[in-house]
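A short write-up of the structure that comes next.
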Amino acid sequence: MSRIGKNPITIPTGVTVDINGAVVTVKGKLGQLTQEFTDVTVKIEDNQVIVERSSDQKDQRAKHGLYRSLINNMIIGVAEGFTKELELVGVGYRASNQGQKLDLALGFSHNIVLEVAPEVKLETVSEKGKNPIVKLTSHDKQLIGQIAAKIRGFRKPEPYKGKGVKFVGEVLRRKAGKSA
């Protein structure tokens with residue numbers, strides 16, 4: 001039995017969960033998220049969401065904990081929201097934004113301009129003497145992770161000096177340089 005899938009999800013105040021067949025809709029103060037679920041049944045009992053599977057087939061066991069985590073992330077997202085912070089480490093690396101357009105200078109011949117989805121709130125912080133930080137805030141965990149991964153993919157941190165785009169708090173595995 002899935003340990004994660006068995007846990008019920010408590011619905012906080014201000015959040016409504018609607019189940020229409022296989023489609024679960026979660027509404028809260030930060031927005032609305034909809035997801036379709038197959039191979040499991042989703043029920044609401046005593047202000048809790050319960051995810052159950054009908055049999056012990058391998059694909060249903062695999063999806064049981066996944067779907068419970070997805071519903072939990074939807075509920076947390078519309079209630080509190082998610083934030084990802086990326087740090088630009090390197091000489092001359094800069095970030096700025098005009099509305100939903102992110103302008104990154106990452107040592108290439110031209111700046112990288114990325115149009116960010118309207119569901120994601122974009123903010124750039126540039127303090128003198130500190131590395132620039134790009135803050136992404138949204139109610140959709142999957143979307144914010146996808147955008148953060150795309151930004152990080154423009155210039156991944158390298159293992160020798162640590163230059164590149166990294167998540168704040170990410171621990172990089174460093175290598176020693178050439179020993180001459």
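The values are calculated or read from the model by the stated rules, or taken from the named source; none is laboratory data. Since this is a predicted model, take the numbers as computed values, not measurements. Glycine gets a Cβ as well: all are built from the backbone with ideal geometry, and neighbour counts include every protein chain shown. Protein only, heavy atoms only, side chains kept; ligands, DNA and RNA dropped before computing areas. Shrake-Rupley method; radii C 1.70, N 1.55, O 1.52, S 1.80 Å.
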> Does residue 90 fit the bill of being on the phi > 0 side of the Ramachandran plot and touching a residue at least 60 places away in the same chain (Cβ under 8 Å)?
Replying inline: yes
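Would you mind finding the one in 114, 104 that is over 27 Å from residue 32 (Cβ atoms), over 17 Å from the mean Cα position of the chain (by Cα) and in a strand (DSSP E or B)? Step through it out loud before you land on a result.
Numbers: 114 fails: over 27 Å from residue 32 (Cβ atoms).
Answer to the selection: 104.
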>> Out of the strands (runs of 3 or more DSSP E) lying entirely within the range 117-180, which hold 1 or more residues that are farther than 20 Å from residue 83 by Cβ and either in contact with a strand residue (DSSP E or B) (Cβ under 6 Å, 6 or more places away or on another chain) or touching a residue at least 60 places away in the same chain (Cβ under 8 Å) (or both)?
In response: 164-167
>> Take residue 84 and tell me if it is touching a residue at least 24 places away in the same chain (Cβ under 8 Å) and closer than 22 Å to residue 31 by Cα.
In response: yes
>> Here's a check for you: in the range 5-35, which residue that is within 23 Å of residue 54 (Cβ to Cβ) and surrounded by fewer than 13 Cβ atoms within 10 Å (Cβ to Cβ) is modelled with the lowest pLDDT?
In response: 21
>> Here is a list: 68, 61. Which entry is modelled with pLDDT under 90 and of a type outside the set (A, V, I, L, M, F, W, C)?
In response: 61
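Looking at 175, 101, which is the one that is open to solvent by 30 Å² or more (accessible area, probe 1.4 Å) and over 30 Å from residue 29 (Cβ atoms)? Write out each step before concluding.
Details: 101 fails: over 30 Å from residue 29 (Cβ atoms).
Within the list 175, 101, the selection yields 175.
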> Quick one: is residue 55 exposed (fewer than 15 other Cβ atoms within 10 Å of the Cβ), of a type in the set (Gly, Ala, Ser) and at pLDDT below 95?
Replying inline: yes
> Of all residues in the range 135-174, how many are among the hydrophobic types (A, V, I, L, M, F, W, C) and under 14 Å from the mean Cα position of the chain (by Cα)?
Replying inline: 9
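Of a type in the set (Val, Ile, Thr), under 14 Å from residue 88 (Cβ atoms) and surrounded by 16 or more Cβ atoms within 10 Å (Cβ to Cβ): is that true of residue 125 in this structure?
No: the conditions fail for residue 125.
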> Taking the range 141-171 on its own, how many of its residues are surrounded by 14 or more Cβ atoms within 10 Å (Cβ to Cβ) and aliphatic (A, V, I, L, M)?
Replying inline: 6
